[in-house]
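Novice: First the structure, which I've put down as structure tokens, then a few questions once you've had a look.
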Amino acid sequence: VKKRAGMIGDATVTGLPKSSIAFGHTRWATHGGVTRANAHPHLDCTGKIAIIHNGIIENYDDLKKEVLASGHKLKSETDTEIAVHLIEEKYHKYIKANHKNALREAVRLTFNRFIGLNAIIVMDLVSKTFIAAKTGSPLIIGRGNGENFLASDGHAILPYTNNLYFMEDNELIYMTPDKIIVHKTIDG
């Protein structure tokens with residue numbers, strides 16, 4: 001994870017290891033100031049689940065109280081970090097129950113709790129999969145040859161593919177480099 005704070009357009013990240021999976025995010029401050037700690041991505045306590053987010057989780061204060069009551073130590077002032085810890089809580093519950101789609105269900109149930117217009121992309125660093133959900137904020141899938149993309153603006157991925165799918169509100173996707181599954185409703 002590399003984080004930088006500063007003017008949008010001046011951001012550069014160097015020194016990352018080679019990888020077949022990655023994501024990045026340029027953030028406008030909504031909760032918390034423009035600091036390195038508040039920059040995305042945010043990680044769960046294990047460092048194996050990462051999240052980036054567009055939008056404002058309007059019920060952030062109530063959800064933050066729940067996260068703190070569960071014993072999480074926050075490293076930022078953002079609603080996004082609250083989201084990753086809520087996902088983490090549900091994910092570990094489903095893993096213990098041997099649920100087949102633990103991360104997808106954890107993301108779905110957490111996302112359904114948000115009030116406001118949001119788009120999230122969650123990366124499982126172990127299985128190298130992405131789960132994304134949206135309502136209101138844009139999210140676009142790009143299908144490539146042995147690679148897939150997610151972006152909030154199609155121009156960001158047009159150099160790599162012109163096979164685009166504009167996610168609809170209340171859709172959730174599961175993505176690997178060679179597979180995309182779209183769930184037509186995040187409600188179930």
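Novice: So Thr46 passes all but one of these: (1) crowded, with 19+ Cβ neighbours inside 10 Å; (2) over 24 Å from Ile180 (Cα atoms). Which condition number does it fail?
Specialist: For Thr46, the exception is condition (1).
Novice: Does Asn38 qualify as being at pLDDT 75 or above and polar (S, T, N, Q)?
Specialist: On the way: at pLDDT 75 or above: no; polar (S, T, N, Q): yes.
No.
Novice: On to the next question. Among the residues that make up segment 51-63, is at least one of them assigned to a helix (DSSP H, G or I), at pLDDT below 90 and either under 13 Å from the mean Cα position of the chain (by Cα) or among the charged types (D, E, K, R) (or both)? Step through it out loud before you land on a result.
Specialist: Filtering segment 51-63 down to residues assigned to a helix (DSSP H, G or I) leaves 60-63.
Cutting the leftovers down to at pLDDT below 90 gives us none.
Checked against the condition, which is being assigned to a helix (DSSP H, G or I), at pLDDT below 90 and either under 13 Å from the mean Cα position of the chain (by Cα) or among the charged types (D, E, K, R) (or both), segment 51-63 yields no hits at all.
Novice: Testing Ile186 on (1) more than 23 Å from Asn112 (Cα to Cα); (2) within 16 Å of the chain's Cα centre (by Cα), one condition comes back false. Which one is that?
Specialist: Here Ile186 clears every test but (1).
Novice: Output the qualifying pairs, or none if there are none: Cβ atoms under 7 angstrom, residues six or more apart or on different chains, first residue in segment 169-188 and touching a residue at least 60 places away in the same chain (Cβ under 8 Å), second residue surrounded by 11 or more Cβ atoms within 10 Å (Cβ to Cβ) and assigned to a loop (DSSP other than H, G, I, E, B).
Specialist: Leu172/Ile186; Pro177/Glu147; Ile186/Asn170; Asp187/Asn170
Novice: Can you tell me which of His85, His92, His72 is part of a helix (DSSP H, G or I) and either open to solvent by 60 Å² or more (accessible area, probe 1.4 Å) or farther than 21 Å from Ile186 by Cβ (or both)?
Specialist: Values: His85 fails: either open to solvent by 60 Å² or more (accessible area, probe 1.4 Å) or farther than 21 Å from Ile186 by Cβ (or both); His72 fails: part of a helix (DSSP H, G or I).
Of the residues listed, the single one that is part of a helix (DSSP H, G or I) and either open to solvent by 60 Å² or more (accessible area, probe 1.4 Å) or farther than 21 Å from Ile186 by Cβ (or both) is His92.
The values are calculated or read from the model by the stated rules, or taken from the named source; none is laboratory data. On a predicted model such as this, the values are computed, not experimentally measured, just so you know. We place every Cβ from the backbone using ideal geometry, glycine too, and count neighbours over all the protein chains shown. Keep in mind that these areas ignore ligands, DNA and RNA; they rest on the heavy atoms of the full protein, side chains included. Shrake-Rupley method; radii C 1.70, N 1.55, O 1.52, S 1.80 Å.
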